[in-house]
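Novice: Take this structure first; my questions come after.
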Amino acid sequence: MKRLLFSFIIILSQSLLFASLTIEEAEEMMMRNNPSIRSAEEAVVQAGLDLKDSKASFAPTIELSGSMTYMTDPLIGPVIMESSDILSQMGLGSYADSASGYVTLYDGMENTMYMGSISLTQPLITWGKLGKAVDLYENILTAQSLRKDDTVAQLKSELRIRVWSLKYLEEMNSLIEEASSLSTELVDIAKSGYENGMLLRQDWLSAEISALEVEVKKAELDQNNSSVLEGLRSLIGDYTLLFDDIEMPEDESFLYKYKDSDLDSLLQDATNGDSNNLKAIKNLIGAYSNQKSIVERSMYGIPDFALQAELSYSNSRLPFIQTGWKQKDNSSLNLSIGFKTTLWDGGKAINNLNRAKSNIRDAESQYDSALSQIRSAVISNYNGMKTNIANIEYQSEKIENLNSELENIQIGLKYGQNSVSDEKQKMLEIVEAKSNLLASKIALVQNVYTLDYLLGAEIL
């Protein structure tokens with residue numbers, strides 16, 4: 001029983017160790033680790049806090065302050081008078097001669113002094129500026145949320161493009177290895193033919209050049225593969241990721257989802273204002289419009305009114321703690337309504353108004369520019385999709401035809417009508433056609449997922 005359990009643990013550990021990473025799991029890692037997404041999320045958090053601050057402006061501001069002072073030499077000392085002087089001032093001078101001694105009229109200030117105040121300020125009339133500020137920050141929060149969603153959608157598309165590209169690049173890598181082997185064999189055949197006097201040296205050199213071209217393509221392919229993999233690592237935040245760690249997708253049906261779509265319909269869907277980017281810019285325009293309203297209501301001579309209440313306390317005794325504080329209480333409650341307005345500041349208020357209007361015009365220009373860029377990208381990727389689909393169909397037909405020609409050559413080879421060089425050359429043509437087909441699929445993946453992003457479609 002223990003041996004069986006131990007074997008099960010080993011099998012389970014191996015299955016976990018060699019488990020492949022699916023696109024969905026990679027997407028979850030990207031959502032956790034990608035710095036662009038995390039930054040966008042924090043921008044949403046900060047916009048939410050700014051909105052809370054704007055709503056808090058409706059509430060009163062309550063402030064508490066206090067101090068304790070110890071005086072080694074109080075400002076007012078004790079007041080002492082002779083008894084005869086007191087009687088004289090009271091009109092009892094006849095008794096002054098019989099009076100003697102001193103009388104303390106005032107003991108003087110104590111060494112300690114406690115002061116404190118609590119104040120409340122409540123905005124009363126602000127001509128709707130506080131409400132407009134809330135609207136402004138609601139626009140900003142919505143814009144930041146939409147930009148975050150736009151970033152996520154964009155990176156989801158990039159993630160899938162990179163995974164599918166890695167899949168096709170790996171298939172191309174196998175083909176390039178086959179092409180390298182075939183070109184080497186053709187070089188050996190050409191060299192042997194030259195040495196036997198059956199071929200010219202130029203034929204041999206031509207075969208060697210073709211072999212070198214294959215090596216150059218192999219180096220370029222390795223570089224592309226490395227670049228795509230490193231980009232994928234950066235997206236999901238795992239820099240130890242290897243090709244073998246990824247579970248490659250198989251279903252290619254999505255490549256043809258827009259094959260029968262009409263360009264005008266796609267343009268209409270992409271530019272109807274429902275994309276996250278366009279909606280974010282619309283909210284930005286709304287924020288600047290609210291900013292303009294706030295500035296207009298803060299122009300010269302427009303006062304803001306507020307209620308202020310202040311309760312203050314000043315005493316040599318600490319309230320509620322030391323005895324006798326009530327007898328020496330020196331507290332007061334003041335209520336006031338005040339206003340504040342700017343009469344002139346050198347024209348800054350006018351500049352702020354013009355700046356707000358300029359911001360609105362700039363945001364409207366951004367909207368028009370984004371609309372133009374979306375249209376251009378949709379047209380470019382739609383035409384690219386059509387071209388790549390046509391090329392895939394062409395390469396598929398070409399491969400089928402080349403395979404038929406190869407079969408005929410192999411039959412002719414048995415009867416001495418064709419040479420091994422003919423066979424290898426035809427096989428090399430087939431490899432090249434397959435590589436071209438895969439390159440078109442990589443381009444088509446980019447077209448389709450970019451269209452998904454531009455149209456706001458669900459990215460699967």
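The values are calculated or read from the model by the stated rules, or taken from the named source; none is laboratory data. Being a predicted model, the structure only gives us computed values, none of them experimental. Because the Cβ atoms are built from the backbone with ideal geometry, glycine has one as well, and the counts that use them run over all protein chains shown. The protein model used for the area step is the full one, side chains on, heavy atoms only, and it has no ligands, DNA or RNA in it. Shrake-Rupley method; radii C 1.70, N 1.55, O 1.52, S 1.80 Å.
Novice: For the range 207-234 and the range 126-145, what is the separation of their Cα centres, given in Å?
Specialist: So the separation of the two Cα centres works out to 53 Å.
Novice: Taking the Cα of Ala59, stepping 7 Å toward and past its beta carbon, and measuring to each backbone N in the range 107-127: which are under 17 Å?
Specialist: 119-124
Novice: Divide by every residue of the chain the summed helix terms, -39500 (n - 2.57) for each DSSP H run of at least 4, and state the resulting mean residue ellipticity at 222 nm, rounded to the nearest 500 deg cm²/dmol.
Specialist: Helix contribution divided over all residues of the chain: -23000 deg cm²/dmol.
Novice: What is the gain in length, in nm to one decimal, between Ser253 and Lys357 on full extension, counting 0.36 nm per residue of separation less the C-alpha to C-alpha distance?
Specialist: 32.5 nm
Novice: Here's another thing I want to ask about it. For the chain, what relative contact order do you get, as a whole percent, if you take Cα pairs closer than 8 Å and at least 6 residues apart?
Specialist: Reported relative contact order: 22 percent.
Novice: For Met29, what is the net charge nearby, where nearby means another residue's Cβ is under 11 Å from its Cβ and Lys, Arg count +1, Asp, Glu -1?
Specialist: -3
Novice: Which helices count as membrane-span-like in the chain under these terms: full DSSP H, at least 27 Å along the axis by C-alpha, Kyte-Doolittle mean of -0.5 or more?
Specialist: The qualifying helices are 35-56, 129-195, 201-236, 276-296, 420-455.
Novice: Points 7 angstrom from Cα along the Cβ direction at Glu310 and Thr22: gap in nanometres?
Specialist: Calculated label separation equals 6.8 nm.
Novice: Could I ask something else about it? Applying 1/(1 + (r/R0)^6) with R0 = 30 Å to the Cβ-Cβ distance of Ser67 and Glu296, what FRET efficiency is obtained, to the nearest 0.05?
Specialist: In this case the efficiency is close to 0.10.
Novice: Identify the chymotrypsin sites (Phe, Trp or Tyr not before Pro) of the range 233-290 meeting these criteria: DSSP loop state and at most 16 other C-beta atoms within 10 Å of the C-beta.
Specialist: Counting only loop positions with at most 16 other Cβ atoms within 10 Å, the chymotrypsin sites (Phe, Trp or Tyr not before Pro) in the range 233-290 are Tyr239.
Novice: While we're on this one: Could you pull out which residues in the range 147-179 have an amide N less than 17 Å from a spot 7 Å beyond the Cα of Glu41, following the Cα-Cβ vector?
Specialist: 147-156
Novice: Once the other residues with Cβ under 13 Å from the Cβ of Lys259 are scored (Lys, Arg +1; Asp, Glu -1), what is the net sum?
Specialist: Neighbour charge sum, excluding Lys259 itself: -2.
Novice: Tell me the label-point distance for the pair Tyr239, Gln268, using the 7 Å Cα-to-Cβ offset, in nm and rounded to one decimal.
Specialist: Each label point lies 7 Å from its Cα, and together they span 4.9 nm.
Novice: I'd like the FRET efficiency for Glu407 and Gln366, computed as 1/(1 + (r/R0)^6) with the beta carbon distance as r and R0 of 56 Å, rounded to 0.05.
Specialist: 0.40
Novice: At a 1.4 Å probe radius, carbon and sulfur cover how many percent of the accessible area of the chain?
Specialist: Working: 14750 of 27870 Å².
Percent of accessible area from carbon and sulfur atoms in the chain: 53.
Novice: Run down the lysines and flag those whose C-alpha is under 19 Å from the C-alpha of Lys129, throwing out any fewer than 8 positions away in its chain.
Specialist: Answer for Lys129, where 19 Å is the Cα cut-off: Lys52, Lys55, Lys292, Lys340, Lys348, Lys357, listed by chain and number.
Novice: Could you do me a favour and compute the accessible area per residue for the chain, 1.4 Å probe, result in Å²? Don't jump to the answer; show the numbers that get you there.
Specialist: On the way: 27870 Å² over 460 residues.
On a per-residue basis, the chain sits at 61 Å².
Novice: Now, a different point. What residues of the range 110-145 lie in the reach of a label at Leu318, counting those whose backbone N is under 18 Å from a point 7 Å from the Cα along Cα→Cβ?
Specialist: Residues 110-117 qualify, since their backbone N sits under 18 Å from the label point.
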